[in-house]
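Report on one structure; see the data block that follows.
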Amino acid sequence: MAGFSLGHTTLLLFQRGLTSSDSVLPSGSVIPGHGPPGVDDPPSALRTHFALAVERPEDVEAWGDELEKGGVEVTGRVTWPAGGKSVYFADPDGHVGEIASRGIWPHY
């Protein structure tokens, strides 16, 4: 993976097929698999990833609770080393959504 700061935005580039499986962090948190399928996977296996930014880690918690109350499957919660938080969820087409707070990247 390569990450680039673009002003107030982050552009992440992943090597094809290497993020298709879940990633377990040392803390035990799970980042759900996403990205292009592996070479042998059908195109229908594509699970794109999108993220929505919120200001505070508490906002992430509130959104995660709200998603669960609405029947949306929360597939992962991460507290990052710099104090930021992410909550991951499945959208209706199986793509991976993320709500992320400040404290994930050095510039955000």
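The values are calculated or read from the model by the stated rules, or taken from the named source; none is laboratory data. Small disclaimer: the values here were computed from a predicted structure and weren't measured. No Cβ is skipped: glycine too gets one built from the backbone with ideal geometry, and neighbour counts run over all protein chains shown. Ligands, DNA and RNA are stripped out before the accessible areas are found, and what is left, the full protein with its side chains, is counted by its heavy atoms. Shrake-Rupley method; radii C 1.70, N 1.55, O 1.52, S 1.80 Å.
Those residues that are over 12 Å from His95 (Cα atoms) and at pLDDT 75 or above, I need them from region 26-43; list them, please. If the condition is that a residue be over 12 Å from His95 (Cα atoms) and at pLDDT 75 or above, then Pro26, Ser27, Gly28, Ser29, Val30, Ile31 are the ones that fit. Starting from residues that are touching a His at 6+ places or on another chain (Cβ under 8 Å) and assigned to a strand (DSSP E or B), keep the ones in region 49-96 and report whichever is modelled with the highest pLDDT. Checking each candidate, the answer is Val96. Scanning region 54-92 for residues that are small (Gly, Ala, Ser) and either free of Cβ contacts under 8 Å to residues at least 24 places away in the same chain or open to solvent by less than 70 Å² (accessible area, probe 1.4 Å) (or both) yields Ala62, Gly64, Gly70, Gly71, Gly76, Gly83, Gly84, Ser86, Ala90.
If you filter region 1-17 down to residues that are part of a loop (DSSP other than H, G, I, E, B) and at pLDDT 70 or above, you find that the one that is farthest from the chain's Cα centre (by Cα) is Gly7.
Would you confirm whether any residue within region 93-105 is open to solvent by less than 70 Å² (accessible area, probe 1.4 Å), farther than 21 Å from Gly28 by Cβ and free of Cβ contacts under 8 Å to residues at least 24 places away in the same chain?
No, the conditions are met nowhere in region 93-105.
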